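Each remark here refers to the structure printed beneath this line.
FYI, it's all coordinate maths here, none of it is from the lab. What you see is a predicted model, and the numbers here were worked out from it, not measured in a lab. Don't worry about glycine lacking a Cβ; one is built from the backbone with ideal geometry, like all the others, and counts go over all protein chains shown.
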Amino acid sequence: MSTSSPHSTPESLDLSKWIRDGDRLMWSQGNAEPITLLEQLIEQRHGLGQLDLFLALSFSGRLRREHCDSFHYESLGGLGTNSRLARQNVLDVHPMQLGQFCTDLHSGRFPIDVAFVQLAGPDTAGDYSAGFDHTYTRDLVSKARVVIGEINTNAPLLPGTADIRPDELDAVLYTDRPVCPAPVAVPDEVDQKIAANIADLVPERATLEVGIGALPSCVLAALANHHDLGIHTGMITKPMLDLIESGAVTNAYKPVDAGHSTGSILAFDRPHNLDHYSLRLRPSRETLRFATLARHPRMVAINTAVEVDLSGQVNAEYAPGGYVGAVGGLLDFVRGARASEGGRSIIAIRSRTSRGRSRIVAAPSGGVVTVPRSDADWVVTEWGAVHLAHASLAERARRLISVAHPDDRETLSKAWHDRD
């Protein structure tokens, strides 16, 4: 890494100056994908040798199967548009918990040679911020052999987050292009029924972790009449900002970052009054730490899944055809919430897929288990909410069948009784 001022250009870089044959590359994710650098990497790939690309959450869909002439794709899972690469069988999945993965990046146990990072700033001191994505950006900057920054004027510079110095960057490129937004999914009547069932399980003064998508957005809207909620989550979404605006969130009872909503990623286009929301952005190796999560009284983790089997095993990664998600921070949040005083983990799931296939299943697709049955707590569908912790296997099956789609209950009962 450079110890002098970085090479800069407003337009393009000759990446062959920094990238070597066989290098492993990684970059910031979600809204923070450095699209200009990624496009130049694709354009220049034939002169760079064979490269390993480690992919996280993508909204852009820039990488394609035909780029495998120079790229080998690895990932934590089929996150965002990377699910297409998984379905095309060109994505090698590493089934790791996000907290451990980020800790391994921080320690250097998971090495990255070249990092592309989208940055905000500089601030008045001349330093940059990770902007939208604080999941692991700081660790990429600290550990990669080469760090190239894409400075985007549309990336947010929050107070207290500008901790990346210019001398930590080997090269920078400037852009004012719009960031890649998170996809917007519109909730429907089924989502609203599930959200209403979940709202009844969330106590006042709870600290929330909620995912992204139509159903999580609906859940957040259903909590607008709660009081003194806190937020300690992975992704801070626009519906989460709306919940803060409603007055339901004060963060007054959080033992960590009291008065602030804590997260690692901003998963929305930049609002003009971002400072108004009292956000605190931290690396995932901090937000996902078990002891930190367990310290929050009434920690409630609300997450979606692909399937739940009749023993309580949760598959949140794999659907027939390929990976559509990852372990991510799900298991970290599940275990932290369950260890919290008065806390609980809630898996929210529609009883059927859009093609009419039951999401309550006898066995998970591909044998993939994201959350073991020993960590099972609450499962909620549009047909009700059931508590699985401390229940026997037979009782779990009975309860889960009771919240499956009515047309699937007989088949599921038969599968349970006919099991080997």
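Filtered by the rule that a residue be in contact with a His (Cβ under 7 Å, 6 or more places away or on another chain), surrounded by 21 or more Cβ atoms within 10 Å (Cβ to Cβ) and outside any strand (DSSP E or B), the range 226-252 gives a lone residue, Asn251. For the range 14-37, the set of residues classified as farther than 30 Å from Ile236 by Cβ and aromatic (Phe, Trp, Tyr) consists of Trp18 only.
Residues are listed down the side, and each one gets a yes or a no for (1) over 21 Å from Arg177 (Cβ atoms); (2) crowded, with 24+ Cβ neighbours inside 10 Å:
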position	(1), (2)
Gln100	yes, no
Ser107	yes, no
Ile112	yes, no
Val117	no, yes
Asp127	yes, no
Ala130	no, yes
Thr135	yes, yes
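The single condition among (1) among the hydroxyl-bearing types (Ser, Thr, Tyr); (2) part of a loop (DSSP other than H, G, I, E, B); (3) touching a residue at least 60 places away in the same chain (Cβ under 8 Å); (4) surrounded by fewer than 17 Cβ atoms within 10 Å (Cβ to Cβ) that Tyr174 does not meet is (2). Looking only at residues in the range 253-266 that are of a type in the set (A, V, I, L, M) and surrounded by 22 or more Cβ atoms within 10 Å (Cβ to Cβ), the one that is farthest from Thr135 (Cα to Cα) is Leu266.
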